[in-house]
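Notes for the one structure printed next.
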Amino acid sequence: MDSIFKTMKAAVFREYNQDPTKVIKIEDIDTPKIKPNEVLIKVETAAYNYNDLWAIWGEPVQTPLPHISGSDAAGTVVEVGEEVTKFKIGDRVVSHSNMSCRICDLCTDGKEYDCAQRQIWGFQTGPLWGGFAQYTHLPEVNVAKIPDNMSFDDAAAISMVGMTAWHMLVGRVKIKPGQTVLIMGGTSGVGMMGIQIAKLYNCDVIATAGNKEKMDKCLELGADHVVNHRESDWYKKVRQITNKQGVDVVFEHIGKAVFPQEVSLLKMGGSLVATGATTGYDSTIDLRYLFFKGTNLLGSTQGTKAELEQVVYWTGKGKIKPLISTTLPFSDQAKGHVMMANADQIGKILTTPQKL
């Protein structure tokens with residue numbers, strides 16, 4: 001390995017804390033040595049996700065310490081292992097964060113997101129294995145090529161949230177043209193992708209957001225209608241928009257604060273697909289909606305590499321455009337976590353490990 005790669009700077013925390021600024025430090029550490037099936041990536045851009053906060057907090061699960069967070073990384077391949085066949089030095093790539101065994105019945109059936117050994121790279125992996133570093137390493141199967149016309153910023157901004165939203169709507173719900181889709185939290189990472197994927201499938205999209213600025217942004221992203229989910233009667237407004245017919249699909253990641261109302265909005269045979277619960281996990285529903293209406297309640301986590309590649313393809317074609325809030329220099333790495341916790345941003349927060 002060239003001597004310039006022997007050490008690198010990384011955003012490291014060595015203990016859990018509710019305040020990211022107290023524990024995250026930019027450290028000089030050894031550049032990882034790759035395994036035969038891995039590639040070494042010079043990280044140009046990495047994106048923040050809510051699981052980065054969970055890692056720092058040490059809850060709901062404790063991540064390996066010392067820890068480097070970051071599940072979205074885009075950059076250039078600078079070294080390849082001897083068993084790697086699909087990538088070469090100089091390839092422009094983005095991470096596929098769903099890591100699985102690849103040999104169990106579920107993996108070989110194309111359901112690696114349900115693998116019992118599945119881990120989210122940059123969240124559950126470690127110690128010291130994530131995207132918030134100048135260099136990172138990944139197995140060949142967890143890397144996707146990006147087209148020359150796609151910036152590293154756009155690639156990092158779409159990788160986890162795009163794959164997750166695609167899996168929710170296309171993989172799990174199997175949306176169809178003409179359906180009415182309710183996208184909760186439309187300016188969140190997954191929400192912004194959900195709006196655009198649903199429109200790609202020619203669905204009628206109702207989005208929600210927490211203030212006027214975010215509501216306007218949902219419309220810019222392609223939503224046909226938007227309501228403020230912080231208003232107590234938000235679900236009544238959704239029902240009015242649909243002429244009291246309800247919606248075919250609810251795209252859910254908010255949780256306890258809105259879950260009962262979301263279920264009540266579904267049409268007969270409608271589907272709710274959930275991938276998070278930022279307002280709490282212990283929700284209730286009126287079970288009559290479940291059995292009388294033949295409601296489908298679906299869980300969804302991560303997605304397949306093929307689904308990530310679909311998002312990369314459509315982004316390269318300009319049909320999906322990531323919403324980027326800000327790009328921080330690596331020296332301000334902890335600031336991005338604070339912004340995430342405070343929900344200060346509209347769109348994705350990025351950092352540039354090569355720029356301190």
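Note on the stretch 184-251: enclosed helices (runs of 4 or more DSSP H) holding 2 or more residues that are touching a residue at least 40 places away in the same chain (Cβ under 8 Å) and more than 18 Å from Ile158 (Cα to Cα) are 212-221.
If you go through the stretch 89-108 and keep only what is under 22 Å from the mean Cα position of the chain (by Cα) and assigned to a loop (DSSP other than H, G, I, E, B), you end up with His96, Ser97, Ser100, Cys101, Arg102.
Here are some residues: Leu356, Leu308. Which one is at negative phi and either modelled with pLDDT of 95 or more or under 14 Å from the mean Cα position of the chain (by Cα) (or both)? From the options Leu356, Leu308, the qualifying one is Leu308.
Annotation: Ala257 fulfils all but one of (1) over 16 Å from Leu169 (Cα atoms); (2) in a loop (DSSP other than H, G, I, E, B); (3) in contact with a helix residue (DSSP H, G or I) (Cβ under 9 Å, 6 or more places away or on another chain); the unmet one is (3).
Looking at the structure I just gave you, is Val273 β-branched (Val, Ile, Thr), part of a strand (DSSP E or B) and either within 17 Å of the chain's Cα centre (by Cα) or modelled with pLDDT under 95 (or both)?
Details: β-branched (Val, Ile, Thr): yes; part of a strand (DSSP E or B): yes; either within 17 Å of the chain's Cα centre (by Cα) or modelled with pLDDT under 95 (or both): yes.
Considered against the rule, which asks whether it is β-branched (Val, Ile, Thr), part of a strand (DSSP E or B) and either within 17 Å of the chain's Cα centre (by Cα) or modelled with pLDDT under 95 (or both), Val273 comes out as yes.
Does Ile206 fit the bill of being more than 24 Å from Gly303 (Cβ to Cβ), among the β-branched types (Val, Ile, Thr) and touching a His at 6+ places or on another chain (Cβ under 6 Å)? Against the criterion (more than 24 Å from Gly303 (Cβ to Cβ), among the β-branched types (Val, Ile, Thr) and touching a His at 6+ places or on another chain (Cβ under 6 Å)), Ile206 does not qualify. Within the stretch 86-144, being surrounded by 22 or more Cβ atoms within 10 Å (Cβ to Cβ) and of a type in the set (Asp, Glu) holds for one residue alone: Glu112.
Any residue at all in the stretch 135-146 that is in a helix (DSSP H, G or I) and touching a Leu at 6+ places or on another chain (Cβ under 6 Å)? Checked against the condition, which is being in a helix (DSSP H, G or I) and touching a Leu at 6+ places or on another chain (Cβ under 6 Å), the stretch 135-146 yields no hits at all. Exactly one condition in (1) surrounded by 13 or more Cβ atoms within 10 Å (Cβ to Cβ); (2) more than 24 Å from Ile241 (Cβ to Cβ) is false for Leu266; which is it? Failing condition for Leu266: (2).
The values are calculated or read from the model by the stated rules, or taken from the named source; none is laboratory data. These numbers were taken from a predicted model, which means no experiment stands behind them. Backbone-built Cβ (ideal geometry, glycine too); neighbour counts: all protein chains shown.
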